[in-house]
Every structure is written in C-alpha cells, then in structure tokens.
Amino acid sequence: MARKPKNRKSSQKSKPKQQPQRKQATAVPLPKRRDSVEICNVTPQVEGGRHPAYRVVGELLRVEADIFKDGHDVISAILGWYAVNDQKRQETPMQALDNDRWFAECRFEEIGAYRFEITAWMDEFLTWRHDFQRRVDGGQESLATETIEGVQLFEKNAARAEAADHKNDAAALRKAGNALAAATQGQVAALTHELETERLMALWTDRDLATVTAEGFPVLIERPAARFSAWYEFFPRSVLADGKTHGKFRDCLPRIEDARTMGFDVIYLPPIHPIGESHRKGRNNTVTCAPGDVGSPWAIGAKTGGHRSVEPQLGTIEDFEWLVKETKKRGMEIAIDFAINCSPDHPYVRDHPEWFFHRPDGTIKYAENPPKKYQDIYPLNFHCDDWQNLWSEMVSLVTFWVDRGVRIFRVDNPHTKPVAFWEYLIAEIRKSAPETLFLAEAFTRPRMMQALGKIGFSQSYTYFTWRETREELIEYATELTQGEMRDYYCANFWPNTPDILPHHLQHAPPAMFKIRATLAATLSTSWGIYSGYELCENQPLPGREEYLDSEKYQITERNWDKPGNIKAFIGRLNHIRREQPALQEYANLHFIEADNDRIIAYWKHSDDRQNIIVVVVNLDAHDTQESTIHLPLEEMGVDPHHGFAVEDLMFDEIYHWQGASNFVSLDPRSKPVHILKLLPS
C-alpha cells in the first residue's frame with residue numbers, strides 16, 4: 001500500500017477561501033432638529049418638572065439656567081410663560097450672570113396652572129455687532145464687507161416682519177439698514193445700539209436654530225393668602241367662656257371681633273360635626289365619660305349625621321353659613337378642619353363597613369398610636385377594595401363645604417393617608433374652586449412633609465414649635481426659605497396648638513410668649529396661635545407636652561381680658577406685618593451675625609429693596625441679653641461710611657447707628673424684641 005508522501009500538497013484542487021461578507025454601513029439617524037445652544041440646570045423645578053413650583057399672585061418668579069454654546073458667538077435667551085388652559089404666551093429677555101448662568105423674572109396676575117420655558121439661540125445681529133466693534137478696536141481700516149453683512153441682517157429681519165404682516169416694523173428695520181449702509185465706521189456703534197433698533201432686531205431675529213426647553217416647567221399660582229396669613233384657632237363651644245354653657249355659631253362674633261382686633265385674618269375652627277357617643281372620651285382624655293362631657297370634636301359622627309352635618313349644640317348648617325358670611329364682612333375668612341375620622345356612630349360604619357380596617361374576628365379596629373389609644377375613632381382604609389368610591393366620597397365632602405363658602409381647609413393628619421389620595425383630591429377641588437387652600441397638619445417625617453407640599457398642600461405645620469436655640473432656628477428657617485423646599489413648601493409657624501404645649505411655654509412668663517410670637521410671625525409669612533396663647537396659658541398635663549384640662553375634651557372657662565394678657569403686643573405685631581412689604585416675602589430671609597448666642601438677628605427686604613426690616617430677638621425670657629450685631633450694610637444698600645437711622649416699629653423709638661457693628665440690649669420684661677425699619681438716609 002502506497003504511502004502518502006510527506007509534506008506534499010494534496011493533488012485535489014482546493015476551494016478558494018471565502019472572504020467574510022462586509023456589512024453595509026447604515027446611516028446613523030440624525031436628530032430631528034439641530035439645537036445650537038445648551039440649556040441646563042434650570043431652576044426652579046421640582047423633581048425635574050414632575051411637580052410644580054409654587055408662587056402666589058404678584059410674587060416674583062426668578063428663573064435661572066446655564067446657557068452656552070460652542071464657539072464665540074453671542075447668545076440671546078428669553079423666558080416665556082403661559083397659562084396651561086390658555087396658551088397665550090408672554091416673554092421677557094434673560095440676562096447673563098457669571099459663568100454662563102442666566103436669569104429672568106416674571107410675575108403672574110391670576111391664579112392657576114402655568115408653564116415656563118426658556119428659548120436660546122445664536123444671535124446673528126449681536127454677534128455681527130460684537131465682531132464689528134472688535135475689528136474697529138483692532139485698527140482694521142476697511143470694513144466695507146462687514147458693513148454689507150450687517151445691512152443684509154437688517155433686510156432679513158425686515159422680511160420676516162413683513163411676512164408676519166408687521167409692515168411698520170419692516171419699514172423701521174429697512175430704514176435702520178439704509179442708515180447703516182450710509183454710516184461712517186465711527187457711526188456704526190451708536191446706530192446699532194439704539195434701543196428701538198435693538199428691540200426690533202431681537203423681535204424679528206432668526207430663531208430657526210433656537211433651543212427650547214422641552215415641554216416647559218410647571219408653576220402653580222395661588223392666591224396671596226397661601227403665602228401670607230395670620231391664623232387664630234378657637235373652639236366655638238367655648239366662646240361663652242363660663243366653662244359650662246355650650247356656645248353656638250351665632251355666639252362667635254365677639255371672639256371673631258377680638259381676633260380681628262389682634263390682626264388675624266383666618267379663623268380656624270376645629271371639627272364642627274356631630275360628636276359620637278360610643279366610647280366618648282372624658283376630661284383630659286380619660287376613657288370614662290361623665291354625664292355632660294362633650295367629647296372630642298375629632299370623633300366625628302352620630303345619629304344626627306356625619307361629615308355633612310354640624311353638631312346640633314352648635315346650631316344648624318344655615319347658622320354656619322351665616323357665620324361664614326359675617327366673617328367675610330369683617331375682611332376675614334373661616335377655615336374648617338377636614339378630619340377624616342369616624343366615631344363608631346358615624347353613618348359610614350353602618351352603610352360602608354368595607355371602608356374600615358377589621359380585626360380577625362370581623363370587628364372594626366379603632367385608631368392607635370402606641371401607647372395612645374383612640375377608642376372613639378375608627379380610621380378609614382384608603383386601600384380597601386372599594387377605594388375608588390371612598391376617594392370620590394372624600395372629594396364630595398370637601399365640595400359640600402366649598403359650596404357653603406369655605407375656601408380654606410386645615411387637614412388633620414394627612415400623613416396617615418396615601419399621598420396619591422391627596423394629590424387626587426386637591427386637584428379635583430381646584431378644578432372648580434382653584435382659590436381653595438389646604439394646610440397640612442403633618443408633624444411627621446421630613447420626606448412625607450415634603451411630599452405633601454409637592455403634590456398640592458398650600459401650607460404646612462412645621463417643627464418650629466420645637467426649635468429653641470439660635471442655631472436650631474437659623475438652620476431650620478434657612479432650610480425652609482433658602483433651600484429647594486422654598487419652591488414647593490410654605491411653612492406656617494405655630495407656637496402652640498390644642499395638642500401641643502411645648503416645654504419652653506410651660507409655666508413660662510409672658511415674655512416667652514412674646515418671643516415665640518415674634519419669631520413665628522417674622523421668620524415665616526404665615527403663622528397662627530391657638531386661643532389662650534394671648535392669655536399666656538401655660539399649665540401642662542404633668543410630664544406631657546399637653547395642656548392640663550385640655551379644651552379638646554371639655555368646654556373651657558376663660559376671662560378674655562385676663563390681666564397680663566399680650567393681646568396688644570400680638571395686635572401690634574400683626575399690624576407691622578401688614579404694613580411692611582418685607583415681612584410679606586417668604587424667601588428673603590437673611591441672618592445677621594450676633595456676638596451673643598442668646599440673641600438672634602435677621603433682616604428681610606422687599607423686592608425693590610425700598611423696605612428693609614431688621615428683627616432682633618432676645619431668646620432668654622428671664623434675663624437681659626446684650627450683643628453687638630454686625631449688619632451687611634453693602635448688601636442692604638447702606639453706605640457703611642455714613643450714619644443711618646432705624647425705627648423700632650414695636651415700641652415707637654428711633655436709634656441712630658454708625659457703621660456695620662451696633663450694640664443692642666433687650667430686657668425681656670419690657671422689651672424682648674426689636675422690629676426695626678431702616679429709614680431713608
């Protein structure tokens with residue numbers, strides 16, 4: 001058998017090696033349009049535009065963004081805004097700050113939902129004008145070609161104006177172009193800087209390659225009371241002040257007049273609905289109810305009705321409507337408590353047991369916040385199988401009271417219900433009554449409080465009640481008014497509530513009540529007190545941050561003109577707030593350095609800086625505190641080399657100061673605070 005020779009090629013003809021087939025290149029799809037300018041880091045925006053930024057009618061909205069492009073072209077940018085249900089667009093030019101940051105400001109004259117957008121482009125005219133001047137400054141002798149380019153730009157813009165049937169603008173632009181064609185090199189700068197020429201060239205410039213922020217950013221505009229208000233809370237059943245006789249709606253006018261004298265504009269009433277009998281709480285929250293005990297108004301529902309009814313001892317629905325109208329006649333308005341609580345006697349328990357939480361044995365669960373138990377309250381289950389009907393019913397309840405003249409709701413414990421539910425309810429109410437305001441009583445985790453602000457609550461309770469030291473107050477007020485929360489969260493500062501008598505007010509002298517009132521009323525633009533604060537009520541339930549003999553469970557006896565009251569002080573405080581525009585602005589708070597940590601100082605200003613208020617507070621309610629405070633005079637617009645005067649609006653005194661560092665002395669017994677107005681030089 002023949003062997004195959006070694007290293008000899010096979011006699012078979014080998015097939016040619018197949019080359020891999022080259023894939024045909026596919027074109028990369030081009031963008032639909034050629035954005036020529038970059039726009040980023042736009043403010044304000046809440047979660048990238050998922051939620052609106054909040055402002056009120058007449059309040060300044062300042063929009064900023066980073067705007068830049070490749071090369072050395074000159075950029076122009078405008079801020080545009082429009083109502084969501086209108087689309088009629090307004091716009092204003094943006095101005096350059098440092099490091100490619102731009103800004104513009106606008107105001108809104110009506111409540112409603114709006115959007116704003118930024119448009120930016122390479123401005124051919126401004127770029128040409130800038131380059132022309134650089135050539136002049138560089139000594140270039142012949143600029144004939146450059147002049148022709150400028151004339152052509154005028155003609156282009158004139159053609160755009162003519163095509164839009166703005167013949168007068170077209171004629172003015174051609175006239176300016178002809179003047180440019182005939183101008184000497186030295187005349188070009190003056191001609192092209194004329195204000196009317198600049199306006200027309202900006203108006204009819206080529207924006208074909210402009211960059212526009214996609215879809216815009218939402219803004220919700222509310223009425224001014226959403227930002228600036230003073231609340232006074234009282235229980236209608238205690239207005240007769242004898243501790244025995246149950247007050248009625250038609251007995252409330254003297255209390256409202258007293259609140260009006262103190263300068264309050266919102267009267268907040270705790271729940272006015274029928275109070276349940278089953279498991280009714282006795283005095284000081286005891287589980288044993290004695291004959292005649294009136295129970296907690298937050299245990300809503302009885303044989304006489306639920307959330308669409310009023311407690312019979314207060315009167316009738318017609319009596320309530322009368323009170324709403326009488327309050328409005330006095331330049332004030334009623335806010336009512338929207339507490340989604342049901343007593344065991346509420347009609348919902350009978351008609352919709354599926355809306356509640358149930359134990360394994362089928363009985364309905366009462367509310368608990370261990371170690372507290374609320375046997376008189378059944379909470380609703382907002383995730384029950386019939387949740388859609390439940391949610392709709394809640395909207396119907398609010399609508400019922402809106403139809404009776406109520407436009408402000410203080411919402412009890414909103415953090416114990418789904419955020420999505422509140423977003424739905426508030427949006428539904430605002431469809432027909434956009435002027436309606438909602439205050440969140442949410443003393444809870446920060447993220448939940450912030451979420452409620454983002455989805456529609458106009459105002460919120462805060463941790464101010466427990467912020468005592470200078471460092472705590474500065475840190476918290478700065479977070480609220482200077483950080484990102486400023487765009488969606490409006491703080492309503494309350495020194496006390498029916499639920500809370502903080503430790504610093506317990507057994508405290510009147511000075512502490514004045515101090516906390518001043519802080520609440522001037523650090524924020526909305527504040528409130530629960531009745532009895534003006535009388536310096538300070539007796540606690542031993543070991544608790546609660547009032548002894550709490551009005552939540554009984555009718556309270558009071559002398560409304562009790563000696564030692566601070567009604568005049570509060571009235572003066574609210575009067576100053578109404579008279580000074582600086583105290584009506586929310587995000588204009590600036591703290592002032594003080595050498596003594598028992599002294600806190602800060603200043604606020606109006607938009608135009610024509611009204612500047614300096615507040616100095618002694619945080620010590622027992623001893624005189626003195627300090628040198630250091631004013632940022634240049635930032636305030638005050639010449640640091642000249643003397644100036646400040647007027648104490650609270651005590652009608654004038655001080656003459658010199659330079660940035662000035663001495664203050666505050667005796668809590670006579671003068672615990674300064675509210676100083678900077679006088680014109």
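The values are calculated or read from the model by the stated rules, or taken from the named source; none is laboratory data. Source: prediction; values computed, not measured. Methodologically, a virtual Cβ is constructed for each residue, glycine included, from the backbone with ideal geometry; neighbour enumeration extends over all protein chains shown. SASA here: full protein model, heavy atoms, side chains in, ligands and nucleic acids out. Shrake-Rupley method; radii C 1.70, N 1.55, O 1.52, S 1.80 Å.
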With all protein chains modelled, accessible area of Tyr374 [1.4 Å, Å²]: 60
Net charge, Phe569 excluded, C-beta distance under 15 Å - Lys, Arg +1, Asp, Glu -1: +2
Net lengthening on full extension, Ala189/Asp208 (0.36 nm per residue, minus Cα-Cα): 4.2 nm
Links that overshoot a 30 Å alpha carbon limit, given the list Lys514/Lys552; Lys303/Lys431; Lys372/Lys431; Lys328/Lys417: Lys303/Lys431; Lys372/Lys431; Lys328/Lys417
Selected from Ile75, His246, Ile256, residue furthest toward positive end of dipole (the chain; charges at beta carbon): Ile75
Dipole magnitude of the chain, debye to nearest 20 (Cβ charges: Lys/Arg +1, Asp/Glu -1, about Cα centre): 3920
Stretchable slack from Ala433 to Lys328, in nm (0.36 nm times residue separation minus alpha-carbon distance): 36.1 nm
Which of Thr628, Thr522 is most accessible, then next, and so on - probe 1.4 Å: Thr628, Thr522
Tail weight of P(r) past 23 Å, computed on alpha-carbon pairs of the range 555-681, percent: 35
By accessible area with a 1.4 Å probe, ligands and nucleic acids excluded, highest first: order of Glu321, Glu109, Glu233: Glu109, Glu321, Glu233
Rounded if a/c under 1.5, otherwise prolate or oblate - the range 82-187, Cα gyration tensor axes: oblate
Phi to ³J(HN,Hα) by Karplus 6.51 cos²θ - 1.76 cosθ + 1.60 over the range 674-681, Hz, x for Gly, Pro: 10, 10, 9, 9, 6, 8, x, 6
Å² per residue, accessible surface of the chain at 1.4 Å: 49
Set of aspartates and glutamates with alpha-carbon distance to Lys244 below 18 Å, sequence-local pairs under 8 removed: Asp293, Glu311, Asp549, Glu551, Glu557
Sequence-distant aspartates and glutamates (8 or more away, or on other chains) whose Cα lies within less than 19 Å of Lys69: Asp35, Glu38, Asp98, Asp100, Glu117, Asp123, Glu124, Asp131, Asp206, Asp208
Relative contact order [Cα under 8 Å, 6+ residues apart], the chain, whole percent: 10
With all protein chains modelled, accessible area of Ile675 [1.4 Å, Å²]: 0
Members of Lys329/Lys562; Lys281/Lys562; Lys454/Lys567; Lys248/Lys373; Lys248/Lys329 lying beyond 25 Å, as alpha-carbon distances in this model show: Lys329/Lys562; Lys281/Lys562; Lys454/Lys567; Lys248/Lys373
Radius 10 Å from Cβ of Asn596, net charge of other residues (Lys, Arg +1; Asp, Glu -1): -2
Per-residue SASA entry for Glu546, accessible area with 1.4 Å probe, Å² rounded to 10: 30
Mean residue ellipticity (222 nm) of the chain, computed from DSSP H runs ≥ 4 via -39,500 (n - 2.57), nearest 500: -8000 deg cm²/dmol
Answer label for Kirkwood radius over Cα pairs in Å (calculated), chosen among (i) 29.8; (ii) 28.9; (iii) 28.1: (i)
Share antiparallel - DSSP beta bridges, the chain, percent rounded to 5: 70
Heavy-atom accessible area ranking, 1.4 Å probe, most first, across Arg89, Arg250: Arg250, Arg89
